[in-house]
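Read the figures in this text as sums done on the coordinates, not as results from a lab. Computed from a predicted model, the values in this text were never measured in an experiment. When we count neighbours, we look across all protein chains shown, and the Cβ atoms used for this are built from the backbone with ideal geometry, even at glycine.
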Amino acid sequence: MDFSAYRGILIVVEQRAGTAKNVSWQLLGEAQRLAQKLDAPLMALVIGHEVEPLAREAIERGADRVYLCDAKELKDYRTRPYSRVCLHVIEQAKPEIVLMGATYTGRDLAGAIATHLPTGLTADCTQLDVDENRLLLASRPAFSEKMLATILCKQYKPQMATARAGVFMALPRDPSRSGEIVRISPQMNPDEIATEVLDFLREMGRVNLEDAEVIVAGGRGLGGPAPFALLKDLADALGGVVGASRVAVEAGWIDHDHQVGQTGTTVRPKLYIAVGISGAVQHLVGMQHSDVIVAINKDPDAPIFRVANFGIVGDLFEIVPALTKTVIARRGL
Amino acid sequence: MHIVVCIKQVPDSREIRIDPVTNTLVRQGVPAIVNFYDLHGLEEALRLKDEMGARVTVVSMGPPSAEKALKQCIAMGADEAVLVSDRGFAGADTLATSYVVALTIKKVAQEMEPVDMVFCGKQTLDGDTGQVGPGVACRLDYDQLTYVEKVLDVDPVARTVTVHRHLEDGVEVVRTKLPVLMTALTNLNKPRRASLPGVLRAAKYKPIVWTTNDFPDIDRAKIGLRGSPTIVSKTWVPEPRTVNTEMIEAPDVRETVAVLVEKLWNTELPARLGW
Ligand SMILES: Cc1cc2nc3c(=O)[nH]c(=O)nc-3n(C[C@H](O)[C@H](O)[C@@H](O)COP(=O)(O)OP(=O)(O)OC[C@H]3O[C@@H](n4cnc5c(N)ncnc54)[C@H](O)[C@@H]3O)c2cc1C
Ligand SMILES: Cc1cc2nc3c(=O)[nH]c(=O)nc-3n(C[C@H](O)[C@H](O)[C@H](O)COP(=O)(O)OP(=O)(O)OC[C@H]3O[C@@H](n4cnc5c(N)ncnc54)[C@H](O)[C@@H]3O)c2cc1C
């Protein structure tokens, strides 16, 4: 195959009900850096129903050209119709790199598209770069986060990767940026699509640690389920969610979805507050890439302090409620 | 109803350690297990078999030692197990893996009984990509329902399946037509233990083994290392986080937290979080 015509980077924007996932804008921010290195255009693809404002937002956040496919049948994500649109745009735009978020939907879609094309797909990247041969250096954690591996795709185009939320920085919106919007028609006959989305139960959504920007996590030091309410108050005041160590989960104080660490979720929030957590290595691998870490523990020798930016030695039952009050006052909530 | 369950034997990567001196993986003594997400796929297939009658076939691409993983599935109650094993498959990435797994399912459908449903795990413990399921669905031209946490209904007459898919922000209720490929989350069910008759059967059981020669139409450019577009160019152990921890000490709790809040507000956090 001759891939010489392939140029530029395409970001597939993920949205629900007209709101984009943060990871899409984060990828656009990172891809702008890569596109500059490649001296190539940065493109975005927006698919959905009544999503035109997102096309505009993609330009404001760094895209030079946006492919927009807006149709009633595309209101909900479904693999077949969405992958047809993607394949059509990839054929038309010929990007050398295609990136999307490593979300449930992103992985579902990317896996289908890469197989159709066919091309190589690197999963769940946390570092992206390009080299002088225009190769995408896609790096991802491996072996329960203990190692990083850089994966290349030399013989096929586009080079594809999904990337984790919370790793890259989105660009602020710049209303003065201009770009082109290219309208695409849905590439399907509705009768061919067997899958129907019957309902979306938002209330059944569990805690979303992956996307959380602030996490207040509790461990054995809490001593039972009730004190998690104190953490919830603090998390609410900071606009975050509650996490937990495995000990707290296994004691049945809180649901497994809250577990941070090797056998739980790997998180990368902007702020992580560890409360009554000692900092076992299996916990640390899941949270040490948080931007700012605060540790609250009564034991001054707890290993958690070694990864924390700020530490308070003391009793969590005194400190957490006082901290919540101060934050609420400071934010004028 | 014929249900195929795809399984992979994996090293229990939770047990893999990094040698602090050489910075390499210590694989010695790391047990090989059935990727635990796959056991949830198998359990769901067995549950449907108990409820409505079904034939359950387990398939795996892997080295000869993966026979052990397949026997474990027989002990749990699977009817038949197929191991596709060939040196030519070694080094496969997800694209090459989904090619061989899909060919295997096609052959299973031809030689045993047409396939109505395929279960895969959400992802594996080693490669951890979650890409093989969508790849196989795409190659078989089945609809795919990934990240299933509940199978609400299987209608053998209308030939539909309705499930709950777990997403980051909620649960989606989706229905589609058979044949379908689903990928299983751990909260889908609780895998059963092997039964005594199952264990006895597994002890004598020999999985069906297929090599490349059993697939006359196989395209050898699409298998193993040659058929894998992705190349691992290097691996390294990331530097541990090094920070200068600032311990906050003040005469009383109120002041301590006030100092902390002040320090947090002097970082980029308020701007980035919109506080
Ligand atoms: C550290 C590391 C990183 C890797 N990164 C990538 C990458 O980014 N992109 C890439 O394409 N490859 C990658 N690979 C290669 C890839 O992991 C495997 O070699 C591939 O064979 C299976 O992919 P997986 O383990 O990710 O499976 P997943 O896609 O996570 O598996 C999902 C499900 O598919 C089924 N399944 C998977 N493998 C088999 C099998 N052999 N037989 C039967 N059913 C199976 C199981 O039901 C499983 O639960 C990587 C490998 C390693 C060791
Ligand atoms: C294979 C494997 C996988 C694992 N996976 C995970 C994982 O994913 N996530 C995980 O978290 N763990 C995991 N673990 C467990 C891990 O090794 C630790 O056991 C666990 O993280 C400890 O939890 P903890 O910090 O809550 O409890 P502890 O280690 O008991 O620490 C409790 C801390 O609370 C402090 N404390 C007590 N009372 C107070 C108080 N009133 N005020 C302030 N501080 C107080 C104590 O000083 C202590 O430091 C795993 C272990 C293994 C072997």
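Report the relative contact order of chain B, percent, no decimals, based on alpha-carbon pairs under 8 angstrom and at least 6 residues apart.
Rounded, it is 22 percent for chain B.
When Lys and Arg each count +1 and Asp and Glu each count -1, what net charge do the other residues less than 9 Å away from B:I231, Cβ to Cβ, add up to?
0
Residues in the range B:61-80 near a label at B:R27, defined as backbone nitrogen under 15 Å from the 7 Å Cα→Cβ point?
So the set is B:62-66.
What's the longest uninterrupted piece of chain A once you rule out the GluC sites (Glu not before Pro) that are loop residues per DSSP with at most 15 other Cβ within 10 Å?
A:133-333
Using the beta-carbon distance between B:R192 and A:R202 and R0 = 30 Å, what value does 1/(1 + (r/R0)^6) give for FRET efficiency, to the nearest 0.05?
Efficiency, rounded to the nearest 0.05: 0.40.
How many angstrom separate the Cα center of the range B:141-184 from the Cα center of the range B:46-102?
21
Mind checking A:127-140 for the average number of partner chain beta-carbons within 10 Å of each residue's beta-carbon?
The mean count of partner-chain Cβ atoms within 10 Å per residue comes to 1.
For the pair B:D12 and B:M52, how long in nm is the line joining their label points, each one 7 Å along Cα→Cβ?
Inter-label distance under the simple model: 3.5 nm.
Taking the Cα centre of the protein assembly as shown as origin, sum charge times position over the Cβ atoms of Lys and Arg (+1) and Asp and Glu (-1), and report the length of that vector in debye to the nearest 20.
Dipole of the protein assembly as shown, to the nearest 20 debye: 940 debye.
Residues with beta-carbon under 10 Å from that of A:P172, excluding A:P172: net charge, scoring Lys, Arg +1 and Asp, Glu -1?
0
In nm, to one decimal, how far is the modelled label at A:H49 from the one at B:A158, with both set 7 Å along Cα→Cβ?
2.0
GNM on chain A, C-alpha springs below 10 Å: top fluctuator among A:A123, A:A44, A:A142?
Sorting by GNM fluctuation, first place goes to A:A142.
GNM, chain B, Cα, under 10 Å: largest mean-square fluctuation among B:P240, B:P11, B:P229?
Of B:P240, B:P11, B:P229, the Gaussian network model singles out B:P240 as fluctuating most.
Once the dipole of the protein assembly as shown is set up with Lys and Arg at +1 and Asp and Glu at -1 on Cβ about the Cα centre, which of B:T235, A:S139, A:A274 lies farthest towards its positive end?
Of B:T235, A:S139, A:A274, it is B:T235.
Which FRET efficiency, nearest 0.05, do B:A90 and A:R331 yield, Cβ-Cβ r, R0 51 Å?
So, using R0 = 51 Å, E works out to roughly 0.35.
Under the definition of partner shielding as Cβ atoms of other protein chains within 10 Å of a residue Cβ, what is the mean value for peptide B:225-232?
Neighbouring Cβ atoms belonging to other protein chains average 6 per residue here.
How compact is the protein assembly as shown by the rule of thumb for globular proteins, expressed as Cα Rg over 2.2 N^0.38 Å?
Here the Cα radius of gyration is 0.99 times the empirical estimate.
Measure out, as a whole number of angstrom, how far apart the alpha-carbon centroids of the range B:211-225 and the range A:150-207 sit.
Computed from Cα coordinates, the inter-centre distance equals 33 Å.
What does the charge count near B:P270 come to, summing +1 for each Lys or Arg and -1 for each Asp or Glu among other residues with Cβ under 15 Å from its Cβ?
With Lys, Arg at +1 and Asp, Glu at -1, the net is +1.
What is the range B:55-122 by shape, rounded, prolate or oblate, if you read a ≥ b ≥ c off the alpha carbon gyration tensor as root eigenvalues and call it rounded for a/c under 1.5, prolate for a/b larger than b/c, and oblate otherwise?
Verdict is oblate for the range B:55-122.
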